[in-house]
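The values are calculated or read from the model by the stated rules, or taken from the named source; none is laboratory data. The structure displayed is predicted, hence computed values, not measured ones. Reconstructed Cβ throughout: ideal geometry from the backbone, glycine too, with neighbour counts over all protein chains shown. These area figures cover heavy atoms from the full protein model, side chains too; ligands, DNA and RNA do not enter into them. Shrake-Rupley method; radii C 1.70, N 1.55, O 1.52, S 1.80 Å.
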Amino acid sequence: MKILITGGAGFVGSELAVRMAEKRHSVVVMDNLVRRGSESNLERLAKHGVAFVHGDVRNPEDFDNLPYGIEFICDTSAQPSVVSGYSNPVFDITNNSLGVVHVLEFARRQRCPLIFFSTNRVYVVDRLLELPRRESATRFEWDADAWEKIPVASRMRGFDPVHGVSEDFAIDGGQRSIYGLSKLIADAACQEYAHAFDMPIVINRFGVIAGTGQFAKLDQGWVVWWAIAHYFKLPLKYIGWNGKQVRDVLFLDDVCALVELQMKQMEQFRGDIFNLGGGAANSLSLQEGTQLLERKLGHGTAISTEGTIRKADVPIYFTDNRKAERLLKWKPKVSIEKGFEEILDWIRANETPLRARYFE
């Protein structure tokens, strides 16, 4: 199959491209190489026979430079930082919203199935903050006892204190970040195109994705950034929630396995939405991430605390994967322990170039 991966020189896209090429697919990636570090993936892509087209999803004419015969599309292109969206909202919207419309138009003309990489940031933060929670020694937790006391008719849809947030959670009203807005526009466009034009489209609302090969930084890719900072003893900061904020982590192996499963079933999907993440079992707080890394490395790093809570931040989020488990027979296999060990092994193997990147 001839597969196009937009944003294919990035962290997720490049790994997906290599794995598809290893399975004897003909893979083409299109990327504008704006994100620093993406250019370093080009050599690896070329070694695996992946064709590269320098293009930008914001420019519809760039799609004319793609080779003939594209049969499937994975759209992994995005400006992925929640923080930077506030300084340049139009950049987020042109990249993450208008760019996806251009991908949809190309898919419509080519009659290609499309897997769109969306985000859990489409959900309304104000509603997430209303969910009952409690504070423990190292993390925030959802309070199942308080939840049970809420009358059933008054409970928030799409939430379970044991399993997490599902596809039915609120997307209307309140804040979700400029980044979340830009992805919600694209998310809705994918749903509409699927029904308007009878297109096989899947919308994957991912949480935190982590893995080897990610050139993480302060405002994006916190899991790998936390590991790199601890390894090199770079200073860190808990921003809001005293480092007890919790996220679930999905590692790249499980993302790629998911996409392979979906590719085999695309004809049954018409704008179907899946919430995807590490789930409760793969959740941890910043404090717990620090403890894990100190244990594995035998040393820590200096960590300061800032009390100000960032816009659209939440103290706890993890994903209810049960729809994907039921319909796709998929569930995460890479544990927090294994995922962090693989990241640390990658850092050790690439210590010299990483040191140059983070100490320049």
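Data for the structure
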| quantity | calculated |
| --- | --- |
| Met263, Met20, ranked by accessible area, largest first (probe 1.4 Å) | Met263, Met20 |
| FRET efficiency, 1/(1 + (r/R0)^6) with R0 30 Å, evaluated for Glu192 and Ile303 via beta carbons | 0.10 |
| Part-to-part distance (alpha-carbon centres) for segment 233-254 and segment 90-129, which is given in Å | 25 |
| For Thr119, residues with placed amide H under 5 Å, excluding near neighbours | Phe206 |
| Segment 36-104 - percent of accessible surface contributed by carbon and sulfur, probe 1.4 Å | 56 |
| Neighbour net charge for Val12 - beta-carbon separation under 13 angstrom, K R +1, D E -1 | -3 |
| Candidate lysines for bridging to Lys311, where Cα separation is under 29 Å - those fewer than 8 sequence places away on the same chain excluded | Lys183, Lys217, Lys233, Lys237, Lys244 |
| Mean separation of Cα contacts under 8 Å (6+ apart) over length of the chain, as relative contact order % | 17 |
| Per-residue ³J(HN,Hα) for segment 216-222, Karplus 6.51 cos²θ - 1.76 cosθ + 1.60, θ = phi - 60°, Hz, x for Gly and Pro | 6, 8, 3, 9, 6, x, 5 |
| Computed E for Gln291/Arg108 - FRET, C-beta separation, R0 41 angstrom, nearest 0.05 | 0.25 |
| Test item: Cα-centred dipole of the chain, Lys/Arg +1 and Asp/Glu -1 on Cβ, debye | 400 |
| J(HN,Hα) series, segment 132-137, from Karplus relation 6.51 cos²θ - 1.76 cosθ + 1.60, nearest Hz, glycine and proline x | x, 9, 9, 10, 10, 4 |
| Segment Arg157-Leu129, length gained on full extension (0.36 nm per residue, minus Cα span) | 8.7 nm |
| Theoretical gain in end-to-end length, Lys331 to Ala146 [0.36 nm per residue, Cα-Cα removed] | 63.8 nm |
| Pairs beyond 21 Å (Cα-Cα), from Lys264/Lys329; Lys2/Lys23; Lys47/Lys331; Lys47/Lys338; Lys2/Lys323 | Lys47/Lys331; Lys47/Lys338; Lys2/Lys323 |
| Per-residue HN-Hα couplings for segment 258-266 [Karplus 6.51, -1.76, 1.60; θ = phi - 60°; Hz; x = Gly/Pro] | 4, 4, 4, 5, 5, 4, 7, 10, 4 |
